[in-house]
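Shown next, in structure tokens, is the structure this report addresses.
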Amino acid sequence: MTDAPTHRLLLAPTVPPPLKAALREMHPRSLSAANRDELATLAAQHASHITVFVTTATEGASEAQMAALPQLRAVCSLGVGVDALDLEAAARRGIAVSNTPDVLNDCVADLAVGLMIDVARGMGRADRLVRRGDWPRTGPGPLGTRVSGRRVGLLGMGRIGQTIARRLGGFDMEIRYHTRRPVDGLPHAHEPSLQALAQWADFLIVACAGGEATRGLVTAEVLAALGPAGYLVNVARGSVIDEAALVAALQAGTLGGAALDVFADEPNVPPALFALDNVVLLPHVGSATAQTRRAMGDLLIANVDSFVRTGSLQTPA
């Protein structure tokens, strides 16, 4: 058992205000940073007392941040992604790390399907046409692409990928997937080559983990294989796609369209994408529903509370 009163939490600026308030009420000695400069200042001033760093999947926790906190014993992160968390550095220092998996699977899968339909049917483009008042003058615009009964390639078949696949079954879609190794017990065909998967698919949905292992995995060659009638959907991490190659393919018309919830340098989006009507752009809202964010917050609090009370985490990363 750990001695709870000895613990002091450091809360990253990206932790949502209601969650910060709840954590500070439960742990009054918590230190809350409003921005990254203040985060660094608080860490330096209280380095000898901070034992738990509460962060988010986008903010992460670097080796330098952990090294600056000699008493740090746990990093509790809001979100499923761990690519911004230096897990190797944490392991070397004996620092436990948690994330908030599973509770966001449904909402991310729902969004992936919604993005696929939006980009294929041109829903966003049609909405803009109506809002501009162009409908009476130009008609409803170009024809979209049918979604049901088509071929979908999934890059990644973890919890979220499998949830997406279940959704797509309702659209009578044929599904294949690419991972490093086949996943046992799935009814879908495993494709060892991502480029071959893209060549086969009408839609390629990216739902794999981020990080160095998948950085730039969707190359110019993969996009070319997907082709001018193919569509790319990304609900994973922007780093998985060669973003410059994606922009070039969309501008050249060698890719049919893209629906993106994530980008390589968030919140910065390549300006060239703004001018393209065959692109759907969202501000990383895969888990952004009241129900899911509440569940994620509850799980984060449970991890913090468990560590403070017992020294263990409920959902170690």
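Each value in this text was obtained by applying a stated rule to the coordinates, not by laboratory testing. Just so it is clear, the model here is predicted, and its values are computed rather than measured. All Cβ positions, glycine included, derive from the backbone under ideal geometry; neighbour counts span all protein chains shown.
Here are some notes:
- Asp261, Asp172, Asp184 arranged by Cβ crowding within 10 Å, fewest neighbours leading: Asp184, Asp172, Asp261
- Taking the helices alone, the chain has a mean residue ellipticity at 222 nm of -11000 deg cm²/dmol, built from -39,500 (n - 2.57) per DSSP H run of at least 4 residues and averaged over all its residues.
- Ser239 sits among other residues whose Cβ lies under 9 Å from its own Cβ, and their net charge, with Lys and Arg +1 and Asp and Glu -1, is -1.
- For the options Asn99, Asn268, Asn303, a Gaussian network treatment of the chain with springs between C-alpha atoms closer than 10 Å singles out Asn268 as fluctuating the most.
- Among the chymotrypsin sites (Phe, Trp or Tyr not before Pro) found in region 189-276, not one is both in a DSSP coil and sparsely packed, with 10 or fewer other Cβ atoms within 10 Å of its Cβ.
- Compactness of the chain, expressed as Rg and Dmax over alpha-carbon positions, Å: 21.6, 72
- Filtered trypsin sites (Lys or Arg not before Pro), region 88-175: DSSP coil and at most 16 other beta carbons within 10 Å: Arg132, Arg146
- As a proxy for reagent exposure, Cys107, Cys76 were ordered by neighbouring Cβ count within 10 angstrom, fewest first; the result is Cys107, Cys76.
- Region 105-281: radius of gyration over Cα atoms, expressed as a fraction of 2.2 N^0.38 Å: 1.00
- Pairwise FRET efficiency - Glu266 versus Trp135, Cβ, R0 = 35 Å, nearest 0.05: 0.55
- Ellipsoid semi-axes for region 240-317, based on the Cα gyration tensor and the rule √(5λ), read 39, 13, 9 Å when sorted largest first.
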